[in-house]
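Visitor: Handing you a structure now.
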Amino acid sequence: MYVNKGLSNDKLKIVALVTMVIDHIGAYLLPNVIFLRIIGRISFPIFAFMVAEGCRYTKNKKRYLLNMAVLSAVTYLLFYPVSSSKFLRIPFTFTFSVVLIYALQNFSLKWHNGSTTEKIISLAILLSAFSAVAVICYNFKVDYGLYGCLVPVYISFVWIGNGMPGSKRKNSFKEALFMLAIGLLCVYMKYGGVQIYSFFAIPLLCTYNGKRENILPKYFFYIFYPLHLAVIFAVKYL
């Protein structure tokens, strides 16, 4: 259950944006100031949680995935000259997360309501999606790697299958946070270092009230990511 009072979806995203900027300032402008990177660990868990929620509540799944994919492509093309050709930034990570969540959701739906053929096809789609993401993560330097791609997927386990015939599960906010913690633990075990501080995001998410306030324009978050990187790289190189 969400808290009655607390931070809305938009306010948590603003916190994530601010800590992301701080993290990137530390990464590209002040690499010796480790405290900036520590603060920056708060950003990823919040965005991962919101991606899982976005997949759950969006009214247009194709558009949601397309928005993520376009952001990924635009960011890659814009910053290709100043980055490794094999470095795929966080929009790619979350795009892969959305693909996996949709494949898992489709499998769950067909498993409960589909014919034997539909079940087999949906399982094949799920395995193909996971294999494709794993291969990409192996051959490219994807931000947070396969472990990061799976964090929103872990969270989605809580709500995928709810409402299906025979399902007695009810969505639990505490369960979602627990699954987030498992995902963050996997990321920490893989990468170590400052990733341990990503757990500081969980107390913030505990204040989430499940509401949307529409404080900022609809596509602000998609525009802000490449824009803030452009400013940081301009400062660095000029």
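Visitor: Expressed as a whole percentage, what fraction of the accessible surface of segment 187-238 belongs to carbon and sulfur atoms when a 1.4 Å probe is rolled over the protein heavy atoms?
Guide: The nonpolar share, carbon plus sulfur, comes to 68 percent.
Visitor: Beyond 26 Å between alpha-carbons counts as too far, so tell me which of Lys5/Lys62; Lys86/Lys211; Lys59/Lys174; Lys13/Lys110 fall in that bin.
Guide: Listed pairs above 26 Å: Lys5/Lys62; Lys86/Lys211; Lys13/Lys110.
Visitor: Among His24, Leu229, Phe130, whose Cα lies farthest out toward the positive end of the dipole of the chain, if unit charges sit on the beta carbon of Lys, Arg (+1) and Asp, Glu (-1)?
Guide: So the residue we want is Phe130.
Visitor: State whether segment 27-74 is rounded, prolate or oblate according to the following rule on the C-alpha gyration tensor (a ≥ b ≥ c being the square roots of its eigenvalues): a/c under 1.5 gives rounded; otherwise a/b larger than b/c gives prolate, and the remaining case gives oblate.
Guide: In terms of gyration-tensor shape, oblate.
Visitor: Which helices, taking whole DSSP H runs in the chain, have alpha carbons extending 20 angstrom or more along the helix axis plus mean Kyte-Doolittle at least 0.5?
Guide: Qualifying helices: 9-28, 43-57, 61-79, 90-113, 116-139, 173-191, 220-237.
Visitor: For segment 1-104, what class follows from the C-alpha gyration tensor (a ≥ b ≥ c being the square roots of its eigenvalues): rounded when a/c is under 1.5, otherwise prolate if a/b is larger than b/c, else oblate?
Guide: oblate
Visitor: Modelled label-to-label distance, Ile136 and Ser172, 7 Å Cα→beta-carbon offset: nm?
Guide: Each label point is offset 7 Å from its Cα along the Cβ direction, giving 3.3 nm.
Visitor: Using a 1.4 angstrom probe, figure out how much accessible area the chain has per residue, in square angstrom, rounded to the nearest whole.
Guide: The answer is 53 Å² per residue.
Visitor: Using 0.36 nm per residue of separation minus the Cα-Cα distance, give me the extension gain between Tyr191 and Phe79 in nm, one decimal.
Guide: Fully extending the segment from Tyr191 to Phe79 adds 37.9 nm.
Visitor: Within the chain, what's the longest run with no chymotrypsin sites (Phe, Trp or Tyr not before Pro) in a DSSP loop and at most 15 other beta-carbon atoms within 10 Å? Give the range, please.
Guide: The longest such stretch corresponds to 3-139.
Visitor: How fast does segment 63-187 diffuse by Stokes-Einstein, in µm²/s, taking the Kirkwood radius from C-alpha pairs at 10 °C and 1.306 mPa s?
Guide: D, rounded to a whole number, is 101 µm²/s.
Visitor: Additional query: Would you work out which of Leu78, Phe96, Thr58 lies farthest towards the positive end of the dipole of the chain? Charges go on Cβ: Lys and Arg +1, Asp and Glu -1.
Guide: Of the options given, the answer is Thr58.
Visitor: log10 I(q)/I(0), Debye, Cα-only segment 78-126, no solvent, q = 0.14, 0.15, 0.18, 0.25 Å⁻¹?
Guide: Once normalised to I(0) and log-transformed, intensities are -0.49, -0.53, -0.61, -0.83.
Visitor: With +1 on each Lys and Arg Cβ and -1 on each Asp and Glu Cβ, and nothing else charged, work out how big the dipole of segment 48-198 is about its Cα centre, in Debye to the nearest 20.
Guide: Using only the charged Cβ atoms, the result is roughly 280 debye.
Visitor: Here's a follow-up. At q = 0.07, 0.15, 0.17 Å⁻¹, what log₁₀ I(q)/I(0) does a Debye calculation on the Cα points of the chain give, no solvent, two decimals?
Guide: Here the Debye-derived log intensity ratios amount to -0.23, -1.10, -1.42.
Visitor: Here's another thing I want to ask about it. Counting other Cβ atoms within 10 Å of each Cβ, which trypsin sites (Lys or Arg not before Pro) in segment 177-212 have at most 14 and sit in a DSSP loop?
Guide: Here the trypsin sites (Lys or Arg not before Pro) that fit, given the DSSP loop and packing criteria, are Lys211, Arg212.
Visitor: Calculate the dipole size of segment 111-226 relative to its Cα centre from +1 charges on Lys and Arg beta carbons and -1 charges on Asp and Glu beta carbons; express the result in debye to the nearest 20.
Guide: Value, rounded to 20: 240 debye.
Visitor: Would you mind calculating the relative contact order of the chain from Cα pairs under 8 angstrom and at least 6 residues apart, reporting the percent as a whole number?
Guide: Relative contact order comes out at 33 percent.
Visitor: Under the rule of at least 5 residues apart or a separate chain, name every residue whose amide H is placed under 5 Å from the amide H of Lys141.
Guide: Those qualifying (amide H under 5 Å, at least 5 residues apart or on another chain) are Phe87, Leu88.
The values are calculated or read from the model by the stated rules, or taken from the named source; none is laboratory data. Bear in mind the structure is a predicted one, so any value in this text is a computation, not a measurement. Quick reminder, even Gly has a Cβ in these numbers, built from the backbone with ideal geometry, and neighbours come from all protein chains shown. All accessible areas refer to the heavy atoms of the entire protein, side chains included, with ligands and DNA or RNA removed. Shrake-Rupley method; radii C 1.70, N 1.55, O 1.52, S 1.80 Å.
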